[in-house]
1. Quick test of your reading of the structure: L91 fulfils all but one of (1) surrounded by 14 or more Cβ atoms within 10 Å (Cβ to Cβ); (2) more than 25 Å from H146 (Cβ to Cβ); (3) among the hydrophobic types (A, V, I, L, M, F, W, C); (4) out of contact with any Leu (no Cβ under 9 Å at 6 or more places or on another chain). Name the failing condition by number.
2. Quick check on the range 124-169: of everything there that is closer than 17 Å to S212 by Cβ and among the small types (G, A, S), which residue is surrounded by the fewest Cβ atoms within 10 Å (Cβ to Cβ)?
3. When the residues of the range 196-230 are filtered to those that are under 20 Å from the mean Cα position of the chain (by Cα) and of a type in the set (V, I, T), which remaining residue is nearest to N170 (Cα to Cα)?
4. Among the residues of the range 170-198, write down those that are at positive phi and open to solvent by less than 70 Å² (accessible area, probe 1.4 Å).
5. So, in the range 200-217, of the ones that are open to solvent by 10 Å² or more (accessible area, probe 1.4 Å) and of a type in the set (S, T, N, Q), which residue ends up nearest to K166 (Cα to Cα)?
6. From L99, L121, which residue is outside any loop (DSSP other than H, G, I, E, B) and either more than 14 Å from the chain's Cα centre (by Cα) or surrounded by fewer than 19 Cβ atoms within 10 Å (Cβ to Cβ) (or both)?
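The values are calculated or read from the model by the stated rules, or taken from the named source; none is laboratory data. These numbers come from a predicted model, not from an experiment. For neighbour counting, all protein chains shown are included, and Cβ atoms are generated from backbone atoms with ideal geometry for every residue, glycine included. We work out accessible area using only protein heavy atoms, side chains counted, and drop any ligands, DNA or RNA first. Shrake-Rupley method; radii C 1.70, N 1.55, O 1.52, S 1.80 Å.
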Amino acid sequence: MVVKFAQQRGKRKLQMSIKENIDWKKMDNLIPVITQEAKTNEVLMLAYMNKEALNLTLETKIAHYFSRSKQRIWKKGESSGHLQNVKEILLDCDNDTLLLKVEQIGVACHTGRKSCFFTNLETNEEVSKIQVDTSSAYGIVDTLYHTICERKNDDPKKSYTAKLLKGKENSMLKKIVEEAGELTFAIKDDNEEEIVYEAADLMYHCLVAMASKNISPDRVKQELAKRFGISGIEEKNSRKQE
C-alpha cells in the first residue's frame, strides 16, 4: 500500500515537471493536439487543449479539449458517446504540440467517419465513408451548423449557403432582417404554418451568420442556461451596468 502510494506520488511529480515544459504562450494559452488511434497510428483529428483540459485528460484518462467555437472545455464524446480512452500522451521537441494515442470508441469525426481527415485536397474525393449516423446524437441545430461550416469551401454557384458565406456581409445580414420581418408578419397574421416556416428560415440565416464568425450555437445555449432563474429585467439591467 505504501509502495503503491509512493509510486503514484512519484508519477504525479513527474507529470508536473513535464507539464512545466509546455510552451503555452505561443497560442494564447492553448496547445494543438494531434490524436491518433493507438493500435493503428491512424490520425483521427486535431484539436486544442488549455491547462484545464490537459489536467482533466491526465486525471480521467479520457480526452478533454478546449473548443474554440464553443469557448469551453469539451469532453470528446460528451454528446455522441464516442469517447477517447487515452493510452499515451507525447510532447513534441518544441514543447508546443501534444500527440494523444487513444482507443477510439465509435468514430472521431462529427460527420460519422472514423477520422476527421477524409477529403483529398487535389481531387476533392472523400476517401472514407460515413460509418455512423450522428445527427440524432448532436441534434438538428448542431448538425445544421456543422453542415453550414462544411459549405464554406463549396462553389457559390451551386450552394446557396456558400453564396451567403462568400458574398458581401451586408447581403447576409439583410437576409436576417428580411426573415425576421417575415416572421413578425406571420405571427401578426396568426398563420401557424407560416410562423414555423419563417422561424426555420430565420434560424438558418442566423446560423449562417454565426458560422461566418466561427461561433458555435453551443455558446447561445450556454448563455440561455446562465439566464435561468434570472428575470429578464434584471439581466438587461446588468448588461447596461457593464
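1. Here L91 meets the rest and fails (4).
2. Going through the qualifying residues, I end up with G167.
3. V208
4. None; the set is empty.
5. The extreme case among them is S212.
6. It is L99.
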